[in-house]
Amino acid sequence: MVKLPDTPEHNRVKEFVSQFRGDKGSLIKALHFSQGVFGYLPPEIIEYIAQELEIPASHVYGVVSFYNFFRTEPMGEYEIRVCLGTACHVKGSKEVLETLCRKLGIKIGGTTKDGKFTVSTVRCVGACPLAPVMVIGKEVYGRLSPQKAWNIVRGYYEEERT
Amino acid sequence: MRHIRCHVLIGVDANSLLAGAKAVEQALIKELADKGLADEVQVIETGSLGPIGQGVILVVYPDAVAYANVTVDDVPEIVTEHLLKGRPVKRLQVPLAPEERVVEIKPTGLVKKPQPRVVLQNCGVIDPESLEEAIAAGDYQALVKVIEEGMSPKDVMEEVTKSGLRGRGGAGFPTGKKWSFTAPGPQKYLICNADEGEPGTFKDRLILEGDPHRLIESMILAGYAIGATKGYIYIRGEYTLSIARISKAIEQAYRENLLGDNILDSGITFHLEIKKGAGAYVCGEETALIESIEGKRGQPRLKPPFPAVQGLWGKPTVVNNVETLSNIPPIILNGADWYRSFGTPTCPGTKVYTILGHIETPGLIEVEMGTTLRDIIFEYGGGIRKGKKFKGALVGGAAGAFLNESQLDVQMDYDSLKEYAAVLGSGAILVMDEETSVVSLLHSILSFFEHESCGQCTPCRMGTRSLLTIMERIVRGQGTEKDLDLLLQVSENMQVSSLCPLGQSPILPIKSALDYFRDEFLERVSGKWTEPPLQAHEEASQVG
């Protein structure tokens, strides 16, 4: 029996999931909601949902890993999405990606220790004339060089200090 | 007193949002208030106005003046000069062609050539968040006709069968026939497939964002015809704006008893629910989609049994594409004969395309079935960008085929394209100019398939991986001519042995690329190929 702690976040999940007790068809809905609350799907949430919807936890893990949208690792405050689409690829987005990962000390999909940034890749953001492109939060940055990209990311730290 | 003398439509879709549509809208509203025009000029958020890649687009009525690439800084000028003094800002103005509309003729849409708009009739014209505007523009009229004239479910189905409407999701199966296969039973389901994942395709998204009530009406009618009282819209999780708009529309429809039990006292019952996807291309396949709605991994089922017999929760189910469904209200309202006046005898009606790539006016168009590729590119799309030469086009998305210059006059419909081993598919047309590399485009397509293979059946799981490995060799200039045959051989094997269209499709782009652009591949595997300087590919394609 999984019991969730009594925090506002956990209570929101409990309240939402309780509407669908035993309803296997609502699994993806429950996962969407929970990820919306926590930013990712921690193990206790996955097991809680499995228990409430009466689905084996292994099955829930199977669903979580199948869909691109769900993640089991916490996300940084900002997600840096580097475009690897064709246009960005030929304009050197790989170097941009490698530089950011190296400077931040993380792998693709990883999050910095301070929880500030997660680096991920995206196939095409439809801003090909601006290639290479990265998206941080809702901001699109184009015509990048590795150095320019790193300066932008560094700017996020400086913004915080001021 | 509020007396609106002027409307400003602002096209809000995912593309214009990136270009800052929301900020422009807010600036506009504020500027109007500052100038004391808030009671005279109304700002209306509408769906896509057609073209993309031209930033934020505004259309001012009744003047019928369109502006493109509008930024926040342009707002004061537009308000002072145009809305206050009545002098359009020439600097930002773009031509606005009169468009032939089905119901009435009204200048709208920034198109090069008039389009017969059946599906997109209200897209970019109404405020998609207003039920009143949707009704005023003709939504729910077909439903009222069915109720008032006492049309039976069989009548509705017959009208659709007679219209010759074919599925717009890609396969082109006759919709009436698909409906008629639905097995009898007390509980049936209707599913709208809005899991639009084909690269370069976003027509369904713009329909959902532009006229959500049309889809709701069409689902009530389809549900009535097949005897389903419950419908689902399975929509890509990435489509946040579509989800928001369709949710709001459903809420409004329930409030006015256009959804729910005993709709408008007619005895018709229909309930509608949204199911959000979570990012898996394969879920566009109907049985994978059903699995996903059931809360499972989206892996395709073995057919038969077909969904019409055993679909969602084992019950008879019909899965139709957004565009297919959106054709139904006008068919019911105007009759099958009217519908057949568009398109070709075997493929009646219109088709919505997204044209992208190296084209003057990329965006969304709706044209008659059977329109030639040449007309679509050069008449409706304005031709190749920067006066360059046409090299070829990828038609139908990643699971589509390449066509080259000699096929420009092919009629775009299901049957004519079949003769060229091509498909209409999702309606994505990616236009390539003379500088585009088909080799890198194919590489991008094959890496897409490799990433999206669901892993359930071996031919697809292993096949997509081998195709990518071979292709990577070719792209780097390390392949041999034998590798070209190997690509064909592997994809042929996949075509005959894979469970679903994902594994069956790679043959289409591979074979057509090798058939029509073989020289480019031969050059790449000649052993003499070296990587060109990056500038040569300044604006590569948008797929991938």
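The values are calculated or read from the model by the stated rules, or taken from the named source; none is laboratory data. Source: prediction; values computed, not measured. So basically every Cβ, Gly included, is an ideal-geometry build from the backbone, and we count neighbours across all protein chains shown.
Here are the numbers for the structure shown:
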quantity	calculated
Some residue of the range B:317-330 being within 14 Å of another protein chain (Cβ to nearest Cβ) and outside any loop (DSSP other than H, G, I, E, B)	yes
Subset of the range B:268-284 that is part of a loop (DSSP other than H, G, I, E, B) and at pLDDT 95 or above - its residue that is farthest from the other protein chains (Cβ to nearest Cβ)	B:Ile268
Which listed residue is within 28 Å of the chain's Cα centre (by Cα), away from chain A (no Cβ under 14 Å) and part of a loop (DSSP other than H, G, I, E, B), from B:Leu508, B:Leu499, B:Leu514	B:Leu499
Residue count, the range A:40-60 (criterion: surrounded by fewer than 19 Cβ atoms within 10 Å (Cβ to Cβ) and either under 23 Å from B:Ile235 (Cα atoms) or touching a strand residue (DSSP E or B) at 6+ places or on another chain (Cβ under 6 Å) (or both))	2
Considering residues of the range B:285-303 that are without any contact (Cβ under 8 Å) to a residue 60 or more places away in the chain and of a type in the set (Lys, Arg) only, the residue nearest to the other protein chains (Cβ to nearest Cβ)	B:Lys296
Residue count for the range A:29-40, restricted to those that are more than 14 Å from every other protein chain (Cβ to nearest Cβ) and in a helix (DSSP H, G or I)	2
Pairs where the first residue, in the range B:233-246, is not assigned by TED's automatic domain parsing to the domain that holds B:Pro212 and the second is assigned to a helix (DSSP H, G or I), C-beta under 9 Å, 6+ apart	none
Residue identified as more than 14 Å from chain A (Cβ to nearest Cβ) and modelled with pLDDT of 95 or more among B:Ser218, B:Ser247	B:Ser218
Which numbered condition B:Lys145 misses (of (1) assigned to a loop (DSSP other than H, G, I, E, B); (2) more than 26 Å from B:Gly427 (Cα to Cα); (3) of a type in the set (Lys, Arg))	(1)
Count of residues meeting criterion [under 15 Å from B:Leu373 (Cα atoms) and part of a loop (DSSP other than H, G, I, E, B)] in the range B:427-440	1
Residues (hydroxyl-bearing (Ser, Thr, Tyr) and closer than 18 Å to B:Val423 by Cβ) located in the range B:350-380	B:Thr350, B:Tyr353, B:Thr354, B:Thr371, B:Thr372
Test set (1) touching a Gly at 6+ places or on another chain (Cβ under 9 Å); (2) surrounded by fewer than 24 Cβ atoms within 10 Å (Cβ to Cβ) - B:Ala421 fails condition number	(1)
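Yes/no matrix, rows are residues, columns are (1) more than 10 Å from every other protein chain (Cβ to nearest Cβ); (2) part of a helix (DSSP H, G or I):
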position: A:Val13; (1), (2): yes, yes
position: A:Leu27; (1), (2): no, yes
position: A:Ile55; (1), (2): no, no
position: A:Ser65; (1), (2): no, yes
position: A:Phe69; (1), (2): no, no
position: A:Met75; (1), (2): yes, no
position: A:Arg81; (1), (2): yes, no
